[in-house]
Every structure is written in C-alpha cells, then in structure tokens.
Amino acid sequence: LGMRPGDLEKPQPGVRPPLVDPRTRLPAHPQPQPSLRPFSLHVPGWGGLAMHVVGLLALLSTCTILVFFLPDRFKVMRDALGGSWAHKLRTLAIRLIGYLAALLLAFLLAIVVSGLPYYIMAMVVLTAITAVGITAVFLALGKWLASMVGATAPPLAQLILGILVAFPATVLPSYIGWGAAALLASFGMGVILLTRLGSSRPWSLEALQT
C-alpha cells in the first residue's frame, strides 16, 4: 500500500487523534496543571488571572480584619519595622531563629506527645502568627512608599498600598513567588518576636511576680 513505518502514528485526514496514548496509556495531549502560589492558585489563561484577583481580595480582606482587631499592636509592629538596615537585618535574623525553633518544637512534640494532631495544631498556630506578621510588613511597606513620595496616607491606605506592591511578586513562577512570600514572612515573624506581638514591652516574667 506504499505505507512506511511510522505512518500509523501520524494524524490521518478525517480521523480524530486518540485521547489516550496507546503506548503509555496517558493523555495524548495533557492539560497544564494548576500550580499553588502563596496567596492564590495559578492556572493558564484568564482563569489564572481570576484566581489571582480572588486571592488578592481574600488577602486584603484578611489583613483588614486583623488590623481592625489589633490596631494598637499593629502600630507598634509597623513602626518597629522602620529604622536602619542593620535593624532590619536584626529583625530578619530573629525571625529565622524563631521559625526554626517553632518548627523544631512542633516536630519534637508531634513525635513525643500526640503525633499528627498536635503537629497540625502547631502548624495552624504558626500560620496564624505568620498572617499577623505579614500584615505588619504590608503596613510598614505602604507607609514607607507613601513617605518616599512625600505623602501622608491613612493606615488603611498604607495597608492597601503595601499589598498591591508586594502581591505581584508572590505570583511569579517557579520558586521566585515563594521566595518573596518567605521574605515577607521573615520580617513578619521577626517583628512579632521583637515586640512580643506588638505589646511594646520587653520579654519578662515580672507580671507573674505580683
């Protein structure tokens, strides 16, 4: 018939290509899989843009609620993130030590005490603390950006500005987005430990002595 080896593998006119590769039993034309980002879910096309917008709105709503619940403490944490670069690096180093200690403690207690349930509880608490710290970083970033242009912005505007500037970095592909989120969380955890969650009081047990 004049056919050569490999002709059967080529698409024939009027014949629909197979949905499954007969050799591997895998989809012949695999669809791109969604990928997780720190604050959203990335999928190709306009659906990915919609998911990022939903993630942005969810992040903005969560941070706004936290700020309204703890305005005094967020003021202390926001102001503590200012200062020289030496102070910022100190905050970053404190965060790294705090995260490592928290993860090590969660791992050890999960093994010794109650296993997986305790580990899940510890991770939920750590996630909540991280959310508070990142919100403080957004406030500090927005305040700094407003001061760079000589403007005085109200706290809510500082928060929105900080989120709008930082959020695009967290949706970048590969490990770039996760690295940007890790940097934000680093400063957040550092300022939480530095200020005792915005209490502006030093670490002490004097309150138990009265």
A careful count of residues in the stretch 135-155 that are out of contact with any helix residue (DSSP H, G or I) (no Cβ under 7 Å at 6 or more places or on another chain) and hydrophobic (A, V, I, L, M, F, W, C) gives 4
Checked GLY198, GLY190 against criteria (in a helix (DSSP H, G or I), more than 17 Å from MET51 (Cα to Cα), open to solvent by less than 10 Å² (accessible area, probe 1.4 Å) and not aromatic (Phe, Trp, Tyr)); the one match is GLY190
*Could you say whether any residue in the stretch 61-80 is surrounded by fewer than 12 Cβ atoms within 10 Å (Cβ to Cβ), at pLDDT 70 or above and among the small types (Gly, Ala, Ser)?*
yes
Going through the stretch 179-188 in order, the residues found to be at pLDDT 85 or above and not aliphatic (A, V, I, L, M) are GLY179
Residues of the stretch 169-187 being of a type in the set (Gly, Ala, Ser) and open to solvent by less than 70 Å² (accessible area, probe 1.4 Å), in sequence order, are ALA169, GLY177, GLY179, ALA180, ALA181, ALA182, ALA185, SER186
Checking ALA166, ALA157 in turn, the sole residue that is buried (at least 16 other Cβ atoms within 10 Å of the Cβ) and at pLDDT 80 or above turns out to be ALA166
Item to check | Residue check, LEU208 surrounded by 15 or more Cβ atoms within 10 Å (Cβ to Cβ), within 25 Å of ILE97 (Cβ to Cβ) and at pLDDT below 85 | outcome: no
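The values are calculated or read from the model by the stated rules, or taken from the named source; none is laboratory data. Remember, predicted model here, so these are calculated numbers, not experimental data. Note that each Cβ is placed from the backbone with ideal geometry, even for glycine, and that neighbours are counted across all protein chains shown. Each accessible area value is taken on the protein alone, full model and side chains, heavy atoms only, with ligands, DNA and RNA left out. Shrake-Rupley method; radii C 1.70, N 1.55, O 1.52, S 1.80 Å.
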